[in-house]
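Step one of this worksheet: look at the structure below.
Readers should treat all values here as calculations from the given coordinates under stated rules, not as data from a laboratory. It should be emphasised that the depicted structure is a prediction, and the values quoted were computed from it without experimental measurement. Neighbour counts are summed over all protein chains in view; Cβ atoms, including those assigned to glycine, are modelled from backbone coordinates with ideal geometry.
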């Protein structure tokens, strides 16, 4: 008797490092059809949310606590964003490794989404340069897992908790070519800086050919219509040079520290008469 032909869906669910749901690893038929984010954001007509959502708040709180606890002592860091679909032979993969190695030599840890592609390349570059490589994974419908170059890894159920960690522990953002996820992370960071929800961290776009059209559209369409201030365009720095990308981050970080020091000194002088 011959074995039945394996279900390709089952084979897909069993490959890789397993489906991560918080600290739990699932494979095969245990992989759920929906993610925690989807279940949280789905509108339901019944009032079960009165019983379900308060418990979700506890789970969300635990993700923030775990993240804050794990990353509190990372030190100065830079978040590097980019596509999971970039392959090892692609030039962007090498570019991401070089950027991360330069950031490590400048005294930074490197934070990525922990997945394959540019994220793997950035984590790899950090490790090869002797620095700390951080990966913030996310629960997705397909199994992904953390890449092998992650030294410190955390898996999140919820995108918004993960995004907070990208921002809270970074002194800058370096963005390489990517798709919707990368664009989401880019504009989230850009909006936080523009609205002064975070300090004026540098946002560096690496890849002039890839990002140039977006910059032109922002300048010629969005800014031209007055939908953003002309100066908002200057929040984005565009380059092809990994060394320049690192230099922009380092110089802006030094400026911010100098501003904080000056503000602290003014505050101390102002209170001297009390």
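Summary value for the stretch 200-253: 57 percent relative contact order, contacts being C-alpha pairs under 8 angstrom separated by 6+ residues.
For residue 219 and residue 70, what is the calculated FRET efficiency with R₀ set at 51 Å and r taken between the beta-carbons, to the nearest 0.05?
Efficiency computed from Cβ-Cβ geometry: 0.85.
Under the 0.36 nm per residue contour assumption, what length would be gained going from the current alpha-carbon distance of residue 257 and residue 208 to full extension? Walk me through the numbers on the way to the answer.
Numbers: separation 49, 0.36 × 49 = 17.64 nm, distance 2.89 nm.
Contour length minus the Cα-Cα distance gives 14.8 nm.
Taking packing as the residue-averaged number of other Cβ atoms within 10 angstrom, the listed peptides 204-213, 75-84 run from highest to lowest as 75-84, 204-213.
Using Cβ counts within 10 Å as a stand-in for footprinting exposure, how do 168, 163 rank, fewest first? Present the calculation step by step, with values, prior to reporting the outcome.
On the way: 168 15, 163 19.
Taking fewest neighbouring Cβ atoms as first place, the list is 168, 163.
Going from the residue with the fewest nearby Cβ atoms within 10 Å to the one with the most, 201, 173, 68 rank 68, 201, 173.
Under 8 Å for C-alpha pairs, at least 6 residues apart: give me the relative contact order for the stretch 64-262, rounded to a whole percent. Value for the stretch 64-262: 21 percent. Note on 42, 112, 239, 191: ascending count of other Cβ atoms within 10 Å places them as 42, 191, 239, 112, the fewest first.
At a Förster distance of 35 Å, what's the computed FRET efficiency of residue 148 paired with residue 244, Cβ-Cβ distance as r, to 0.05? Don't jump to the answer; show the numbers that get you there.
Numbers: r = 29 Å, r/R0 = 0.84.
Once the sixth-power term is evaluated, E becomes 0.75.
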